[in-house]
Amino acid sequence: VQRTIKLPSPEGNFVTTSYKPVNGDFGYFLKINTDFQFEINDVVYSGMVNWNMKDIRKTEDSKGGNGAAVTLLSGDRKFELIIKYLLYPNSPAIRKSLIVKNLTEEPIRLESVDVEKLEVPGYYPVTYSWIYHDYGRRRYIGNYDGGKQDALIIVHDMNTEQGIVLGNEATGVLKHTSVFWESQDICIGLTHKNSLFPFRKWIAKGESFETPQVFTMVYNNQKTPDEILNTFVPDFVRKYMGIRLSELKEKPTFVYNTWEPFYKNINEKLVMELAKAAADAGMTEFIIDDGWQDSYGDWGIDYKKFPNGLKPVFDYIKSLGMKPGLWVSIGSAAPSSKVYKAHPEWFVTDIDGAHTSLHAPGDKEKFTACFGTGWYDYIKEILLKMAVEYGIEYYKLDFAVVTSAYTYDHTQSGCYSTNHPGHNDHNESLYTNYERLWKLFDELHAARPNLFIDCTFETLGGTQAIDYSLVKHAEGDWLSNFEGAAGEKTDIRVRNMAWWRSPAMPATALVIGNPQMQDKGWEMHIKSIAGALPIMLGDPRKLSESELKTYRTYADWLQLMESKYGIMSFRQDLPCFGEPMEGMWDGFQRINTETKEGGIIGVFRHGSVESSRIVTVNWLDPIKTYQVKSLDGKIVATLTGSELKSQGFILTLTELYTGELFEISYVSFNAQLQKTDLSAKWDTIRPLANPDKGWYHHMLDNGIGKYLLKDESELKAFPGMDHLYLRLAWAYLEPEEGKFDWSYIDNIVEKYVPLGYMISFRISCKETGPAPTSVPHEVNGIRYATPYWVVKAGAKGIEKPEFGSASWTPDWDDPIYLEKLDNFHKAFAKKYDGKPWVRYVDVGSIGDWGEGHTWSSTRIPPAFNEVKTHINLHLKHYKNTQLIVTDDLLASTKSDTEKKELLNYALENGFSMRDDSPMVQGYMQNDLATWTVRHPEFFAEVYKTMPTVFELEHYGKVKSNGYWIGKNGAEIISEYKVSGADVFRNAVKIIRPTYVGFHGYLGEWLKDNPEFTKEILNMCGYWYFPKALTVKRITNTSINFDIEWINKGVAPAYSVYQLKGKLTDVKKPGKPVYFSIQNSGNKNWFPHVPFNETYSTEFKEKLKGTYSLAIQLFDTRSGRPVEVGLNEQLRDSEGYYLFSEIAF
C-alpha cells in the first residue's frame, strides 16, 4: 500500500492526499482527507485545522511494526499531538493511533475521537458500496453507524472491485466506526459524546493519553472481499496485532465445563466423578464453574460442598492429565460478603447514587465493583493466589463490569460516583473499567504466562460480543449459551456463530457453549464446535464405554491435528460454502497458511435437498500433493493444492442433518506413476446378480395359493432373484387367540432359505379379493383378514363396505383391535425379528391389502393419528429388522402438512418406503407425467439412506389392460405413445428401488421378458463400474492407488463391501500376494457421480518385478463377491478382475 500525507510546513494542515494499493487503479478517496478528528473541551480539532510541525521519528513495535510518528503542536498551543503509523511485513495494514499530551495548567477533556477519518467523492462510493458490518459478515447499503459488534467492517464497491477494511481495536461499547453516516466520510475510533455510551478521558497537566489503535487495508482487483477477509485480515491479527492466543504455547483442544446441567449444584464427589469421565473422554481442560464458592466477592471455598477444599480436587484433575480451570465473577460481590461490608466505597453507584448490579440491574444478590477503586488490587491478589496455589491454567472470568448484555437502558452502565480515584465522572468510568480490566489480565499473564483467560461476552457487555481489545488481553470469550438439547438447531447455531465471528476474530477465541456431552446427536456437536474452541458441558458419566471411546477418538484426533498443523491458530471459509443456515450446506477449513502442510476441514449438510457437493480447499501450496483423509484415516482423495482449489472432491452425506471432519495432509510424493483406463473394458449387458439387491417374487399374495412356484427350477432360472415376499392375512397365522400357525411361513423358510433366498413379510388385516384357499368365516374372498375371533371379542368395524367386496374393515384405532394386533406382532417379532434371512417387514396392518388406502372398501381414509399408531406399533416390536411403509399409507387424502409430518416421522425412525402402484390403470390415466409414481417427492430423500421397494400392479392385470405389449413390453401403447417397458423403466428411476417385484407368476413373467428382466436387475440398486486405476506410490512392501468408481444403478448400496486384491508375479505365477481393505468406500458411491477412492496397503513380502493387479469387491456377511461391470473374460475363478500390471 501507499499512503501520502501532507505535513505542516512548518504550519498548516495535516491531511492524507493519497491512499491506495501500490499497483492498479484505486479511486475511493478524495485528494484531501481530514485524517483524524477529536474534541478537547468541546473544541473540534482535525487534520484540517492549523498545526505546527515539531518532529518526525521512526517508530516500531514488538511485533515487527515499523513506521513514523509525527509530532504536532496545536495552533492554540494547548496540547501536543503524536500521530503514529505502523506498517507490517507482507501486510497491507496501516495501523494508527493518536497520543494527546496536555500542555495546559488544567485537566483537559478528550471526546469524540476519530483516529482515522477519510472522505470519499460524492455519488458513486456512497451509492454503490456494500458495507460488510458485524464482523464483516452482514451487508448493508447506505448510511451506517457502527457499534459494539463492529470491530471489523469492510466497505466494498463491486463495480470497481475495490474497497477498504476498517479495523477498530477499541473496547466493547466504546468503539465507533461509521461509514457515510453524517457526511461522505469513513471514521474509525471511539464513541462520540452524543452516543449512548460516550467515551471521555480527562488528561491531567503534563500527562499523555494514547488512543486505542485502528487499522485499515485498501485493496483492488477483488470481486468480493472474501479473500481479504480470509487471508490478510487474520494474518495481520495472528502475527502482528499481539493477541494472547499467539503468545500461548499450548492451545486448548477439548475443554469440559461443569455449568450445565449442574449449574451451582456441584460438590467434591460430583466434580471428581465428572473429571474421571471427562478424562476418559479425552478432555484436555476441566473447568469448575459457578457453585464452588462461599460467596460472591470473598471467593472462599464452600466447605459444605468441598470439605477438603479445592486443592485435592485440582490435584486429582491434574493426575488425570487435564489442566484445571475455575470460574470467577471478576467484578461482583454479594451484599453479605465480607469485602462489601468492609469496603462499600469500592462499588459502582447508579444514577441515583445507590449500589447496583450492572450485570442484572435490580439483582440484590450481588453488586458490581468499580475497577477505579481498591477493588482492582483486591481481586488481583485473590486470582493470583488461587492460580499459584491450585495450579490453575484456565480462568473463566464472568459478569458485567461496564454494562450488561441484557439491558436496554444505557444509563445502567459504568459508575456515577464522583469520588472514585480512577475516574472523574460517569463517562470516563466506562473507559476506566475496561482498561483496568485489561491491565489486570496483563498482570495475571505476566505472573502465569500460560494462563488461558476466558472473558465472557457478559463481561464485555454485548450479546455474543467479542472484539480485538478482548483478544489482545484474553485468550478466549465465552460467546454464547446455546442449549445442546435442541439437536441440529444447536449445531447450526454453533456453526453460524463460529462463521459469523471468524475469520475476523480468531476462531479458537470463540468459546461457544452449551452443547452437552450426553445430548442425542453429540457427535455433531463435536464436529460443529471443531470450527471454534471445542468445548462441551453436560454429564459424561451418562456415556457408555463405547461412547467414551468415541469421544476419546475425537479428542485425540483434534490434539493430533493441533500438533501436526497448529489448526487452533487458523480458520478460513470453505470455498463455495456460505453462511450456515437451514436447507443449505456449510463448512469451514482450518489450514495452516504459513507452513501450508495441511490442516482440517468440516463439511455439513443442514437440511439441504442436495446429498452430494463438490468440496474445494483454498490457500494450499498449488504444486504440493495433499491427501484428504477421514477421521478414521481413510484416504478420500489425493490431489495437488491446485487441484483441490479448482476441482476438489465429491462428498456425499446421506442424512439431512449431518457432517464430517477431514484431515488435509501434505504428502511427499507428487508424480502419478501409472494410470490405466478401464472404461473400454466395461460390459453393460451382462446381468450381475449381487448381494443386497435384485428381484423379489410374491410367493403368497391375496391368500395362500396365489403365485406359487411350479418347482425350484423356476427360481434358479430367474436372474438376480433376491427374496420371496409373503403377504399373508393375520387370520391365517392366529386362527384362535394366542394359538399361532407358523407353518405357512416356516415351510417356505425351510425350503428356500437354504438355497440362498431371503424372505420379507406383510401381515395384512384387510383383504378384498378372492382367495384360492379359505379361512374361517370366509365369503367370496378373505372376508375376515383380521381373525373373526377379534370381531367376536368386540372390535368395531364395518361389515359391508360401500365399495369392493363384502369383507370386514376394522376401525383402525379400535382399542380391542389394537390390543389383539399388538399381541400378535409381539409373538411374530419374537419368532422372526432379526433373523438373518429377513429382508424387511411392511407396515401392513392398515388399509386395503395393507397398502394404507381404502379405495377398494370404505373409501374412508385412515386418519393421521391412526397411521401414526400403526407405525408406532411396528416400531415397538421390530428392533432388528428394516421396516417399510407404503407411500399411500402416508399420503392417502391427507393434507400436505400431515403428509410431510408423517414422512419425516417415518424417516426419522428408520422406516423406508415402497410404492405398490406403478402401472395401475388409474395412474396410467392420470399420473403418466411421473410415470405412474404418485409421490415422487417421498422417494427423493429416503433412497439415500435406506433401500426402497418397487411393486408393479399385478402383471396379469397390466397385460389385460393393454399396458404390456410384445416381447419385453417393448411395443408402444397406442393410447399413451410409450411402451410398458418405458413406463416401468422410468418409474424405477424415480422410486430408485433396491428391490423390484413384477407381482405375477414367475414363469410367465420371465418367458415374456427375458432381456428386460436382466436390464432391470442391473439398474435396480447399485451397479458398479471401475473407470480408472491410478497407481500413486509403490515400494517393495506397499502400494497406494486410486480407483475411480461410477455407480450406474439408481441407488447406493447400504452395506459396506471389502476391496480385496491379488498380486501375481507375471513371470513366476506362483502363490499370489493377497490383501484386503475392509471398507472400499462403496456406501458413498451415489448414482452417476464419479467417486475417486484412494487405497493403501502393505505386504509382509518384498515384491520385485512385474505383477498383475486383480481386484474384487466382497460382501463379508454373505460370503459373496460383488460383481462389477467389467468384461467377464477379465474375471478369474476366484472372482477377481484383472485391472492392471504394476512394476515393483
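Observations on the model:
- GluC sites (Glu not before Pro) restricted to DSSP loop in segment 63-141 with at most 10 other C-beta within 10 Å: E105
- Expressed as a fraction of 2.2 N^0.38 Å, the C-alpha radius of gyration for segment 33-106 is 1.21.
- Of the chymotrypsin sites (Phe, Trp or Tyr not before Pro) found in segment 185-267, the ones in coil according to DSSP and having at most 15 other Cβ atoms within 10 Å of their Cβ are Y263.
- Once divided by 2.2 N^0.38 Å, the Cα radius of gyration of segment 232-379 becomes 1.27.
- Taking the DSSP bridge list for the chain and keeping only pairs wholly inside it, about 75 percent are antiparallel.
- Placing unit charges on the Cβ atoms only, positive for Lys and Arg and negative for Asp and Glu, gives segment 1024-1144 a dipole magnitude near 260 debye about its Cα centre.
- For D722, the residues whose modelled amide H falls within less than 5 Å of its own, excluding neighbours fewer than 5 places apart on the same chain, are W695, Y696.
- Estimated at 0.36 nm per residue, the fully extended path between N880 and A485 surpasses their Cα-Cα distance by 139.5 nm.
- Annotation: segment 944-1063 has a Kirkwood hydrodynamic radius of 16.9 angstrom, from the mean reciprocal C-alpha pair distance.
- If you plug the beta carbon distance of I685 and K1102 into 1/(1 + (r/R0)^6) with R0 = 45 Å, you get a FRET efficiency near 0.60.
- Gained length - D363 relative to N865, 0.36 nm times residue gap less alpha-carbon distance: 175.9 nm
- Cα shape, segment 861-1015, gyration tensor, a/c 1.5 rule: prolate
- When Rg and Dmax are taken over the Cα atoms of segment 102-196, they come to 14.6, 53 Å.
- Estimated vicinal HN-Hα couplings, Hz - segment 1021-1034 in sequence order (Karplus 6.51, -1.76, 1.60; Gly, Pro = x): x, 8, 7, 8, 9, x, 8, 7, 10, 10, 7, 9, 8, 9
- Cleavage-rule hits (chymotrypsin sites (Phe, Trp or Tyr not before Pro)) in segment 97-138: DSSP loop, at most 13 neighbouring Cβ within 10 angstrom: Y123
- Separation of alpha-carbon centers, segment 958-1018 and segment 485-513, rounded to whole Å: 52
- 5 Å-binned pair-distance histogram of segment 1024-1144 (Cα, whole percent): 2, 11, 21, 25, 21, 12, 5, 2, 0
- The label point for E937 and the one for K439, both projected 7 Å from the Cα toward the Cβ, are 6.5 nm apart.
- Net length gained if the chain between L560 and V49 were fully extended (0.36 nm per residue, minus Cα distance): 178.2 nm
- Spatially, segment 270-315 and segment 893-914 are offset by 47 Å when compared through their Cα centroids.
- Separation between Cα centres of segment 333-362 and segment 917-947, rounded to whole Å: 70
- Using a simple spin-label model with pseudo-atoms 7 Å out from Cα toward Cβ, K311 and T1035 lie 5.2 nm apart.
- P(r) tail fraction, segment 28-185 - alpha-carbon pairs more than 28 Å apart, %: 27
- Note on the chain: helix-only mean residue ellipticity at 222 nm, from DSSP H runs of 4+ residues weighted -39500 (n - 2.57) and normalised by residue number, equals -7000 deg cm²/dmol.
- Over segment 13-66, Cα pairs under 8 Å with separation of 6+ residues give a relative contact order of 32 percent.
- Förster-model FRET efficiency, 51 Å R0, S544 and E345, C-beta, rounded to 0.05: 0.40
- Shape box of the chain [Cα atoms, principal axes, largest first, Å]: 116, 74, 62
- Largest to smallest principal axis extent of the C-alpha atoms in segment 813-878, angstrom: 38, 24, 17
- Cα-Cα separations in segment 107-264 greater than 21 Å, expressed as whole percent: 54
- Taking the Cα centre of the chain as reference, the dipole from Cβ charges on Lys and Arg (+1) and Asp and Glu (-1) amounts to some 2740 debye.
- Over segment 710-916, volume per residue of the alpha carbon convex hull, in Å³: 122
- Calculated P(r) tail over 12 Å for segment 898-944, as whole % of Cα pairs: 65
- The 3J(HN,Hα) values that the Karplus relation (6.51, -1.76, 1.60; θ = phi - 60°) gives for segment 36-46 are, in residue order, 7, 7, 7, 10, 10, 6, 6, 9, 7, 10, 8 Hz. Gly and Pro appear as x.
- Out-of-range pairs (alpha-carbon distance over 24 Å; input K193/K472; K549/K830; K957/K977): K193/K472; K549/K830
- Note on D352 and Y976: the model spin-label points, each 7 Å out from Cα along the C-beta direction, lie 8.1 nm apart.
- Three-way shape call for segment 642-701 based on the alpha-carbon gyration tensor, with the a/c threshold at 1.5: oblate
- Segment 388-460: C-alpha gyration tensor shape, a/c 1.5 cut-off, then a/b vs b/c: oblate
Taken together, the values in this text are just the output of simple stated rules run on the coordinates, not laboratory data. A quick note: this is a predicted structure, and the numbers were derived from the prediction, not measured. Reconstructed Cβ throughout: ideal geometry from the backbone, glycine too, with neighbour counts over all protein chains shown.
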